[in-house]
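Inspection log for the structure reproduced underneath, given as structure tokens.
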Amino acid sequence: MKNVRLFYKKCDRMRFISHLDMTRFMSRTIRRAELPVWYTEGFNPHLYMTFALPLSLGFESDYEVVDIRLLDDNYDISTLPQKLNAVCPPYITFLKAAEPIKKAGDVAAAEFVITFDDGGEIGNSLSAFLSRGSIVVLKKTKKGGEKEIEVGDKIKSFETEILDGNTVLKITLPAGSTENLNPELFLNKFFEENGKYYCYKVNRTAILDTDGKAFV
């Protein structure tokens, strides 16, 4: 058997597909492409499939990663993107396939580009907010409650610019099984303090490993 890592983009209308539905979608797409994939054994066999870092609902992404396992060791995996794209609906595009190098546990960070529909109004105030030494936000717990957490010291890097008349934020945040920071946590806090909310679009542009390099 051969482990294969698929890289793909998820954009536009597909950003409204939840991770659970994305799992079902990916399974159906792989079956439609008639790939020689491996299924788990036991009473209820299912297609072996592992996502490196599930994407939040409403987010777009230029760098999504899912692992599958092929039964044929000699299968030409370079043909996989073309075969999958041929049976795939719009807004999902497979970019490449490769044998995994890093393990899922090596995911350490993610890069985001967040574009605000603000007419360039919030660039300076957003930069000042993110530069603060402390940003305390409320986060929901698994039991339905809320707790305060510090996120200001978790921001790895950021920069803002005005592009096409709107503020664009490029930011790198911790991600993975050890620690995962959703950018909406501090955005909600910023809007609350700013007293005004703006529409925005989030695009995850990269998944990084513990060395700060692209997860491959």
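The values are calculated or read from the model by the stated rules, or taken from the named source; none is laboratory data. Model, not experiment: these values are computed from the prediction. Using ideal geometry, Cβ is built from the backbone for each residue, glycine included, and neighbour counts are taken over all protein chains shown. Please note that ligands, DNA and RNA were not included when accessible areas were found on the heavy atoms of the full protein model with its side chains. Shrake-Rupley method; radii C 1.70, N 1.55, O 1.52, S 1.80 Å.
Listed values, structure above:
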item: Hits in the stretch 104-144 - residues which are in a loop (DSSP other than H, G, I, E, B), under 17 Å from Tyr197 (Cα atoms) and open to solvent by 10 Å² or more (accessible area, probe 1.4 Å); result: Asp117, Gly119, Gly120, Glu121
item: Any hit, the stretch 161-173, residues being in a helix (DSSP H, G or I) and either touching a Pro at 6+ places or on another chain (Cβ under 9 Å) or open to solvent by 70 Å² or more (accessible area, probe 1.4 Å) (or both); result: no
item: Residue check for Leu181: open to solvent by 20 Å² or more (accessible area, probe 1.4 Å) and of a type in the set (A, V, I, L, M); result: no
item: Count of the stretch 184-208 residues which are crowded, with 19+ Cβ neighbours inside 10 Å and either in contact with a His (Cβ under 9 Å, 6 or more places away or on another chain) or among the charged types (D, E, K, R) (or both); result: 1
item: Selection count where residues are open to solvent by 40 Å² or more (accessible area, probe 1.4 Å) and more than 19 Å from the chain's Cα centre (by Cα), scope the stretch 37-65; result: 9
item: Residue match in the stretch 91-103 (condition: within 26 Å of Leu187 (Cβ to Cβ) and part of a loop (DSSP other than H, G, I, E, B)); result: yes
item: Residue match in the stretch 107-130 (condition: farther than 20 Å from Val168 by Cα and of a type in the set (S, T, N, Q)); result: no
item: The stretch 66-79, residues that are more than 13 Å from Asn3 (Cα to Cα) and open to solvent by less than 60 Å² (accessible area, probe 1.4 Å); result: Thr79
item: One residue from Pro90, Pro100 being open to solvent by 60 Å² or more (accessible area, probe 1.4 Å), of a type outside the set (Gly, Ala, Ser) and under 30 Å from Tyr8 (Cβ atoms); result: Pro90
item: Failed item, numbered, when Glu34 is tested on (1) open to solvent by 70 Å² or more (accessible area, probe 1.4 Å); (2) at negative phi; result: (2)
item: Failed item, numbered, when Ile101 is tested on (1) β-branched (Val, Ile, Thr); (2) free of Cβ contacts under 8 Å to residues at least 40 places away in the same chain; (3) within 24 Å of Leu208 (Cβ to Cβ); result: (2)
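Table: residues versus (1) β-branched (Val, Ile, Thr); (2) in a helix (DSSP H, G or I).
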residue	(1), (2)
Tyr8	no, no
Ile30	yes, yes
Leu35	no, no
Ser56	no, no
Glu64	no, no
Asp67	no, no
Gln82	no, yes
